[in-house]
Each structure stands twice: as structure tokens, then as C-alpha cells.
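The values are calculated or read from the model by the stated rules, or taken from the named source; none is laboratory data. A quick note: this is a predicted structure, and the numbers were derived from the prediction, not measured. Methodologically, a virtual Cβ is constructed for each residue, glycine included, from the backbone with ideal geometry; neighbour enumeration extends over all protein chains shown. These accessible areas exclude ligands, DNA and RNA; they are computed on the full protein's heavy atoms, side chains included. Shrake-Rupley method; radii C 1.70, N 1.55, O 1.52, S 1.80 Å.
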Amino acid sequence: MEINFTELQINVQQVIDAIAAKDIKTANNSLTDASELLDELLDYAEEDEDLIEISRYQVLLNQLHQKING
């Protein structure tokens, strides 16, 4: 099964946009949504390529979390 990362990309962009606008509440909410979606995608990942892409998003979300809460 091929995983579609489009929704995750949109959520991550919303986090980045909220950080740029200094809207921390929205950034946190969007980050939570993106994290939950990433967890769901991880449950369905079977291909190595999908797992690699998921790990990239995990790193990015961790960095965004640090940016928001650091």
C-alpha cells in the first residue's frame, strides 16, 4: 500500500506558517495534528521508502517542537 503524505505536508506547512506568524497556540495545535497523523501513517507503513520518509518527518516535527517550546 502506497502512503500519501500530502495531508501531512499540509499540516507541517501550517505549523511553519503559524510559527512565522508567531501564533504559538495554532502552531502547537497544528503540530499535535501532524504528530497524530504521522503516528497513523507509521501504523500502515510497510515499504522501506515510506519508513524513511516518516523518519524524516519525525525529525522535522521534533525540530519544530523545539522551535515552538524552546
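Brief remarks on what is shown
- Residue within the range 42-51 that is within 13 Å of the chain's Cα centre (by Cα) and modelled with pLDDT of 95 or more present: no
- Neighbours by Cβ (under 7 Å, 6+ apart or cross-chain): first from the range 21-34, closer than 14 Å to residue 8 by Cα; second open to solvent by 50 Å² or more (accessible area, probe 1.4 Å) and not in a loop (DSSP other than H, G, I, E, B): 30/14; 31/65
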